[in-house]
């Protein structure tokens, strides 16, 4: 079976003034359908950059990125946006909810960019909020929710489009350990339902819960334990 | 696919609602500018029509020809008289085809008496064409005709004020009026004429409603062939000055260059009025344009600030699948909504000012819809122009960097 995601010789350089900074030096990686991967490494090791490239939020300087049979290495904005919208779901450390939107509208927003009608958006969003246990919080804005609740809303938002892959960048980074555990448990449930999950973390306790852990250092993969 | 415009408008309204004070202040510049366009437009059109309505009471094509009384050089004596005789003008109309109507005028101040009331009038001895030259309208009865003139009928046509003063309660038509020492039968009353504005700027000192018209032939019989001046109407305003010059040449030749003549033509006043109105509307136009541009810069400012503040939101939206055009449309729509709302408020505000002015001035103002359309179009344009740059900037944000923005 061909891998879901196949990265070959991915490099990412930034120009800082006159000097070039190589964040990803030469990364090749295959992700299978149904993987639960944690990307671990010190800050500056390139794990978030790698996740952003997988998420089409950033573009590699060189190398090849295949998703199933789609080549995303040189894809244009239209193709990348559509890919983000239909295939990926993001969960961030900072939750990244729109502050003046209610929980329901935050979740429903992900469907807006698929051109889905308002009533369908809302019913699907409510369904997902129920799944993460926040149905009664639907009309609350993020400032009225706790950290854990906010992260649940953002997980609901990531799932509402029924994506193939969930990309989570330090999803527990801003949460206490008990809340972290419940979030990880939620991600595990999602994984068990068939989603592929790639999770960036520097918390080894969290990393160990994944089936596969990839260690990064100075822009390179140093260890890949399955 | 790009998301439907309805959704974008909804999103834009949402973000504008969030920053009410800022939105309102940003709109202020455009509101003032648009209201300015409306008021200036209305005042301009109304002012122009007011002035031209009054100029029309003299006739746009009207020319007056008088003797020039300044002494000729190298002449020790000055001839007496007006230098114009009634028979001078008899063949003029045939000789100069650009004359449409021409009348000799003899003017006197004379007391008119009726029913024991007396009123000082400006008695005009004229022919039957006078009514056409100054665009006079009859209130009742008729004007002098050829037969009145030929047969020296003692008939008169009176101005509105004369009728009001001497016949306050009954119709003057058919009544006898004693003017000086001659009795005239009133055959017509003229409609009231308004020259208030021209009077207020000193361009017309005589009361047009205090005139009294009698046949020129009566003056010829009484005072001889000499008349005071010629009043004529050229076939067009553009021909008025040439016509006047032709008449002057003709008169000089007929009188062996004893007299000099000069003319005044309404055409000259029309030209100056147009020139002044032109300058005024340019100046006002420039000030309003500046106001709109400044307003537009204000909108651009606010939109730029709004984009910078919401870089993270842009990142979030992009991570959820928003395309560059979706982000561009969202911010451009905000800007267009902002300015078109400001435009509408400006139009309403301008309309209110015009209404208040109308009540204050007590005259109906001309309200051209084209200015409403123009104002709205300008505000839309300002919205597009001042929103385009921030919206482009927003849409070009790299989502990975935007998401990290705090």
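Observations on the structure shown:
- Tally, over region A:107-129, of residues that are surrounded by fewer than 18 Cβ atoms within 10 Å (Cβ to Cβ), under 21 Å from the mean Cα position of the chain (by Cα) and either farther than 21 Å from residue B:326 by Cα or more than 14 Å from chain B (Cβ to nearest Cβ) (or both): 1
- Single residue of A:10, A:16 found to be modelled with pLDDT under 90 and farther than 19 Å from residue A:79 by Cα: A:16
- Within region B:113-130, the residues that satisfy the criterion of being farther than 20 Å from residue B:100 by Cα and not in a strand (DSSP E or B) are B:115, B:116.
- Taken over region B:360-396, the residue count meeting the criterion of being within 13 Å of chain A (Cβ to nearest Cβ) and surrounded by fewer than 21 Cβ atoms within 10 Å (Cβ to Cβ) is 1.
- When B:343, B:350 are checked against the criterion of being under 43 Å from the mean Cα position of the chain (by Cα) and farther than 20 Å from residue B:17 by Cβ, a single residue qualifies: B:350.
- Unique residue being away from chain B (no Cβ under 14 Å), surrounded by fewer than 22 Cβ atoms within 10 Å (Cβ to Cβ) and more than 23 Å from residue A:100 (Cβ to Cβ) when the list is A:224, A:136: A:224
- Leading residue by the ranking (modelled with the lowest pLDDT) among those in region A:75-93 that are more than 8 Å from every other protein chain (Cβ to nearest Cβ) and under 18 Å from residue B:312 (Cβ atoms): A:93
- Of residues in region A:146-170 being in contact with a helix residue (DSSP H, G or I) (Cβ under 6 Å, 6 or more places away or on another chain) and part of a loop (DSSP other than H, G, I, E, B), the one farthest from the other protein chains (Cβ to nearest Cβ): A:164
- Residues within region B:217-250 that are touching a helix residue (DSSP H, G or I) at 6+ places or on another chain (Cβ under 8 Å) and crowded, with 22+ Cβ neighbours inside 10 Å, tallied: 8
- Taken over region A:99-141, the criterion of being in a loop (DSSP other than H, G, I, E, B) and either at positive phi or touching a residue at least 40 places away in the same chain (Cβ under 8 Å) (or both) is satisfied by A:99, A:100, A:101, A:114, A:115, A:132, A:133, A:141.
- One residue from B:388, B:402 being over 27 Å from residue A:50 (Cα atoms), assigned to a helix (DSSP H, G or I) and in contact with a helix residue (DSSP H, G or I) (Cβ under 9 Å, 6 or more places away or on another chain): B:388
The values are calculated or read from the model by the stated rules, or taken from the named source; none is laboratory data. If you're wondering where the values come from, they're calculated on a predicted model, not measured in any experiment. Here the Cβ is made from the backbone with ideal geometry for all residues, glycine too, and neighbour counts use every protein chain on show.
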